Amino acid sequence: MDVDQDLRDLVDANPGQGSFEEYRHLRNAIRAKAPCRLLVFGVGKDSRFWLEANAGGTTVFVEHEPEWIRVTREKLPGVDVVQVSYDTRRTQWKALMERRDRLFMEDLPNRILSTNWDVIFVDSPQGGSRKRPGRMKSIYTASVLARRSTDVDVLVHDCDRPVEASYAHRYLGPERLVEQVHRLRHYRLRPTAAG
Ligand SMILES: C[S@@+](CC[C@H](N)C(=O)[O-])C[C@H]1O[C@@H](n2cnc3c(N)ncnc32)[C@H](O)[C@@H]1O
């Protein structure tokens, strides 16, 4: 029996999103730390898998699309989804690269800002076309939250695209990249000897 058949079914039901190998890698990364504190940028058909992988832990989703929030809450009663908004367009990504003042997501609640996260997964907002927000703010904010945490795995999807690749490189750092599975980059931030 294939223990990951549920992920194969997810891929079939969710075209254009993660690959089987990407989802399996992410699930293993969560399970390795579960029960833990897991922060996910973006809801979707995959959400229940991360909730299940982190059973007994704390899982918080950050989402900007009201309709996706509604559907997710309907399908997963009790799920913790925090609504945010993005004020960027993907076309701004080069101009915003060093604009930390513009990149931080000010609308995150204190309970997200003050949590010591174990795993952060960034797969939102959309960045597939020029009019979409692009992931500049979510990747930068994830990097800030990661630096406030003590030992955190940060996984960024769609790193075949210039915005995701460049922002992950700039703010998470190639020296912290532990693995890449297809378009999914996996970074690990650990406390330095200097503290
Ligand atoms: C790349 S999608 C997130 C996909 C999700 N992590 C998954 O693997 O199914 C980014 C944003 O698009 C919306 N979205 C989620 N699932 C979607 C789907 N299957 N098709 C189109 N948009 C989706 C949500 O607003 C989400 O925050």
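The values are calculated or read from the model by the stated rules, or taken from the named source; none is laboratory data. Fair warning: this is a prediction, and the values are worked out from it, not measured in the lab. Here the Cβ positions follow ideal geometry from the backbone for every residue, glycine too, while neighbour counts run over all protein chains shown.
Select from the range 158-184 the residues that are touching a Ser or Thr at 6+ places or on another chain (Cβ under 9 Å) and in a loop (DSSP other than H, G, I, E, B) and list them in ascending order.
Leu172, Gly173, His182, Arg183 - these are the residues of the range 158-184 that are touching a Ser or Thr at 6+ places or on another chain (Cβ under 9 Å) and in a loop (DSSP other than H, G, I, E, B).
Return yes or no: is Lys45 basic (Lys, Arg) and either within 11 Å of the ligand (Cβ to nearest atom) or in contact with a His (Cβ under 6 Å, 6 or more places away or on another chain) (or both)?
Here the answer is yes, as Lys45 does meet what is asked.
Among the residues of the range 80-97, how many are within 16 Å of the chain's Cα centre (by Cα) and aliphatic (A, V, I, L, M)?
So the answer is 3.
For a quick check of your reading: which helices (runs of 4 or more DSSP H) sit entirely within the range 75-121 and have at least 3 residues that are closer than 24 Å to Ala34 by Cβ and at pLDDT 95 or above?
In the range 75-121, the matching helices (runs of 4 or more DSSP H) lie at 110-113.
Out of (1) within 14 Å of the ligand (Cβ to nearest atom); (2) β-branched (Val, Ile, Thr); (3) free of Cβ contacts under 8 Å to residues at least 40 places away in the same chain, the odd one out for Val122 is which?
Only one criterion in (1) within 14 Å of the ligand (Cβ to nearest atom); (2) β-branched (Val, Ile, Thr); (3) free of Cβ contacts under 8 Å to residues at least 40 places away in the same chain is unmet by Val122, namely (3).
List the pairs whose first member sits in the range 42-61 and is of a type in the set (Val, Ile, Thr), whose second member is within 13 Å of the ligand (Cβ to nearest atom) and assigned to a loop (DSSP other than H, G, I, E, B), and whose Cβ atoms are under 8 Å apart, counting only residues at least 6 apart or on separate chains?
Sorted first by the residue in the range 42-61, then by its partner, the pairs are Val43/Ser124.
Among the residues of the range 155-167, which ones are at negative phi, within 15 Å of the ligand (Cβ to nearest atom) and without any contact (Cβ under 8 Å) to a residue 60 or more places away in the chain?
Selection gives Val156, Cys159, Asp160, Arg161, Glu164.
Which residues, taken from the range 7-23, are among the charged types (D, E, K, R), more than 9 Å from the ligand (Cβ to nearest atom) and in contact (Cβ under 8 Å) with a residue 60 or more places away in the chain?
Glu21 - this is the single residue of the range 7-23 that is among the charged types (D, E, K, R), more than 9 Å from the ligand (Cβ to nearest atom) and in contact (Cβ under 8 Å) with a residue 60 or more places away in the chain.
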